[in-house]
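The values are calculated or read from the model by the stated rules, or taken from the named source; none is laboratory data. Here the structure is a predicted model, which means the values were calculated and not measured. Every residue, glycine among them, receives a Cβ derived from its backbone with ideal geometry; neighbour counts consider all protein chains shown.
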């Protein structure tokens, strides 16, 4: 019988403390991973809005070049992006100036970013 008692004592097993430490470390890793995913989604959303702003500006420049810069000013908008543009007439040439304002509202906080472009007409 005493041999059997030694045999059970020599078996290795996880204690409750070791299990709790392992679960805590695993939960911390999962939380860090989810925070990274949320941050990645926010950055992807902002990048999409920047692409939309650039697309609005390129479309406007192409339209103005096709029409010869006849229109003096205007506003374009898409989801989360508002672009204001105008033509500055000079004696020798005209300049097209465009500014896009990008609105991003993660967690209820409004983030505004401006993008500027200028092209000679």
Can you report the number of residues in region 73-83 which are part of a loop (DSSP other than H, G, I, E, B) and either buried (at least 16 other Cβ atoms within 10 Å of the Cβ) or modelled with pLDDT of 75 or more (or both)? 1
Search region 86-102 for residues that are under 9 Å from residue 121 (Cα atoms) and pair each with any residue that is loosely packed, with under 15 Cβ neighbours inside 10 Å when their beta-carbon atoms are under 6 Å apart and the residues are at least 6 apart or on different chains. 87/72; 93/120; 95/88; 95/118; 95/120
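Do we find that residue 99 is under 16 Å from residue 119 (Cα atoms), within 24 Å of the chain's Cα centre (by Cα) and either in a strand (DSSP E or B) or modelled with pLDDT of 80 or more (or both) in this structure? Step through it out loud before you land on a result.
Details: under 16 Å from residue 119 (Cα atoms): yes; within 24 Å of the chain's Cα centre (by Cα): yes; either in a strand (DSSP E or B) or modelled with pLDDT of 80 or more (or both): yes.
So residue 99 passes the test.
Could you identify the single residue in 49, 65, 42 that is in contact with a helix residue (DSSP H, G or I) (Cβ under 6 Å, 6 or more places away or on another chain) and assigned to a helix (DSSP H, G or I)?
On the way: 49 fails: in contact with a helix residue (DSSP H, G or I) (Cβ under 6 Å, 6 or more places away or on another chain); 65 fails: in contact with a helix residue (DSSP H, G or I) (Cβ under 6 Å, 6 or more places away or on another chain).
Checking each option against the conditions leaves just 42.
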Output the number of the condition that residue 105 fails; it satisfies all remaining conditions of (1) at pLDDT below 80; (2) closer than 21 Å to residue 118 by Cβ; (3) exposed (fewer than 15 other Cβ atoms within 10 Å of the Cβ); (4) within 24 Å of the chain's Cα centre (by Cα). (2)
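Condition check: in contact (Cβ under 8 Å) with a residue 12 or more places away in the chain and either surrounded by fewer than 15 Cβ atoms within 10 Å (Cβ to Cβ) or within 17 Å of the chain's Cα centre (by Cα) (or both). Does residue 42 satisfy that? Step through it out loud before you land on a result.
On the way: in contact (Cβ under 8 Å) with a residue 12 or more places away in the chain: yes; either surrounded by fewer than 15 Cβ atoms within 10 Å (Cβ to Cβ) or within 17 Å of the chain's Cα centre (by Cα) (or both): yes.
Here the answer is yes, as residue 42 does meet what is asked.
Give the residue that is nearest to residue 98 (Cα to Cα), with candidates limited to residues of region 55-70 that are surrounded by 14 or more Cβ atoms within 10 Å (Cβ to Cβ) and either touching a strand residue (DSSP E or B) at 6+ places or on another chain (Cβ under 7 Å) or at pLDDT below 80 (or both). I'd like the intermediate steps shown before the answer.
Filtering region 55-70 down to residues surrounded by 14 or more Cβ atoms within 10 Å (Cβ to Cβ) leaves 55-57, 60-61, 64, 69.
So of that shortlist, the ones also either touching a strand residue (DSSP E or B) at 6+ places or on another chain (Cβ under 7 Å) or at pLDDT below 80 (or both) come out as 56-57, 60-61, 64, 69.
Values: 56: 10, 57: 7, 60: 9, 61: 9, 64: 12, 69: 13 Å.
Residue satisfying both the conditions and the ranking: 57.
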